[in-house]
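Peer 1: Take a look at the following structure, please.
The values are calculated or read from the model by the stated rules, or taken from the named source; none is laboratory data. The structure presented is a predicted model; accordingly, all values stated were derived computationally and were not measured. Virtual Cβ from ideal backbone geometry, glycine too; neighbours counted across all protein chains shown. Keep in mind that these areas ignore ligands, DNA and RNA; they rest on the heavy atoms of the full protein, side chains included. Shrake-Rupley method; radii C 1.70, N 1.55, O 1.52, S 1.80 Å.
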Amino acid sequence: MSDFKKSRDLFRELKLKIESERYEEIKSEFVNAIVMLLKEYDTAIYENRFVVGGAVEHIFVALLRALGFESYHAGSKERRSDLIINGVKFSIKTNFKGSGEIRLINKLGKGQISWSEPTIFLISELGLVYGDPVLLKDKTKSTDDAIVINVADIKNFSKNEPQFLIRLNIPVKGDIESPQTVSIDVARSILEKIKSKLLINYLEL
């Protein structure tokens with residue numbers, strides 16, 4: 001029996017719930033939240049990338065909890081896993097271009113490493129795809145600084161194994177004119193919390 005039976009079964013259960021009419025409103029809120037996140041914070045701005053990825057993880061945990069799963073963010077202590085669902089550790093990776101490569105593991109300074117985590121991929125114009133090192137063992141490749149997988153290979157896999165695909169209408173990230181950065185929002189939040197009367201008036205808009 002595969003070491004990934006629990007994670008695969010959990011994804012199948014997630015698929016059944018998300019595709020049920022009973023949870024249509026929850027699914028709609030999740031999609032709308034991701035779309036709004038991308039509109040507000042352009043990931044072409046470097047400082048936004050990691051925070052947007054982290055925000056996706058927290059929104060996804062909220063989705064899981066709303067669907068009745070016991071789930072929480074793994075936190076900074078977990079280097080390879082992003083979230084835990086019913087006691088099972090998962091990684092989550094995003095791609096909002098619908099093409100290119102996804103970095104599974106960064107290798108810099110880590111010696112010999114391998115991809116070992118069940119992973120949920122959130123990909124624009126496709127949705128949520130489950131993958132693990134057994135199902136996708138021939139699809140990954142090693143570069144100088146990372147283990148990567150091509151989005152086209154994930155798409156082909158999901159076409160051949162629809163049980164591991166949850167279709168969601170998440171658009172490809174287009175050109176975004178907003179220069180909004182996460183750091184300015186954090187700065188504003190901090191000044192509001194200290195009830196700033198002076199500095200807050202001088203923040204850049």
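Peer 1: Under the rule a/c < 1.5 gives rounded, and otherwise a/b versus b/c splits prolate from oblate, where does segment 39-193 land using the Cα gyration tensor?
Peer 2: Working: a/c = 1.40, a/b = 1.37, b/c = 1.02.
It comes out rounded by the Cα gyration axes.
Peer 1: For Phe50, Phe30, write out the residues from largest to smallest accessible area, computed with a 1.4 angstrom probe and no ligands counted.
Peer 2: Ranking Phe50, Phe30 by accessible area, largest first, yields Phe50, Phe30.
Peer 1: Sticking with this one: Could you order the peptides 152-162, 92-102, 137-147, 119-129 from most to least packed, using the average number of other C-beta atoms within 10 Å per residue?
Peer 2: Top of the packing list down: 119-129, 92-102, 152-162, 137-147.
Peer 1: How do Ser114, Ser91 stack up against each other in accessible area, from largest to smallest, with a 1.4 angstrom probe?
Peer 2: Ser114, Ser91
Peer 1: Skip the ligands, DNA and RNA, and give the accessible area per residue of the chain with a 1.4 Å probe, whole Å².
Peer 2: For the chain, the solvent-accessible area averages 60 Å² per residue.
Peer 1: Return the percentage of antiparallel bridges among DSSP beta bridges fully within segment 1-130, rounded to the nearest 5 %.
Peer 2: Taking every DSSP beta bridge with both residues in segment 1-130, the antiparallel ones total about 65 percent.
Peer 1: Using only helices, what value at 222 nm comes out for the chain when you add -39,500 (n - 2.57) per DSSP H run of length 4 or more and divide by the total residues, to the nearest 500 deg cm²/dmol?
Peer 2: For the chain, the value works out to -12000 deg cm²/dmol.
Peer 1: Separate question: Helix 5-18: angle to the longest alpha-carbon principal axis of the chain, degrees 0 to 90, nearest 10?
Peer 2: Result, in degrees: 60.
Peer 1: In addition: For labels at Phe50 and Ala146 in the simple 7 Å Cα→Cβ model, what's the distance in nm?
Peer 2: The answer from the label model is 1.4 nm.
Peer 1: Okay, next question. List the relative contact order of segment 1-105 as a percent without decimals, with contacts defined as Cα pairs under 8 Å and 6+ residues apart.
Peer 2: Working: 82 pairs, mean separation 19.6, N = 105.
Worked out over segment 1-105, it gives 19 percent.
Peer 1: Let me check something: with ligands and nucleic acids excluded, how do Tyr41, Tyr202, Tyr46, Tyr130 order by accessible area (1.4 Å probe), largest to smallest?
Peer 2: Descending order: Tyr202, Tyr46, Tyr41, Tyr130.
Peer 1: I need to check one value: relative contact order of the chain, counting alpha carbon pairs closer than 8 Å and at least 6 residues apart, in percent.
Peer 2: Rounded, it is 22 percent for the chain.
Peer 1: Helix 182-193 versus the longest principal axis of the chain: what angle, 0 to 90°, nearest 10, using Cα atoms?
Peer 2: 50 degrees
Peer 1: Once you put a point 7 Å from the Cα of Lys97 and another 7 Å from the Cα of Ala66, both along the Cβ direction, what distance in nm separates them?
Peer 2: Modelled inter-label distance: 3.0 nm.
Peer 1: Need one word for segment 1-55: rounded, prolate or oblate. Basis is the Cα gyration tensor (sqrt eigenvalues a ≥ b ≥ c); a/c below 1.5 gives rounded, then a/b vs b/c decides.
Peer 2: Oblate.
Peer 1: In the chain, what percent of the accessible surface is made up of carbon and sulfur (1.4 Å probe, ligands and nucleic acids excluded)?
Peer 2: 51 percent
Peer 1: Additional query: Given R₀ = 35 Å, what would the calculated FRET efficiency be for Glu204 paired with Lys5, taking r from the Cβ atoms and rounding to 0.05?
Peer 2: Values: r = 52 Å, r/R0 = 1.48.
The pair Glu204/Lys5 has a calculated efficiency of 0.10.
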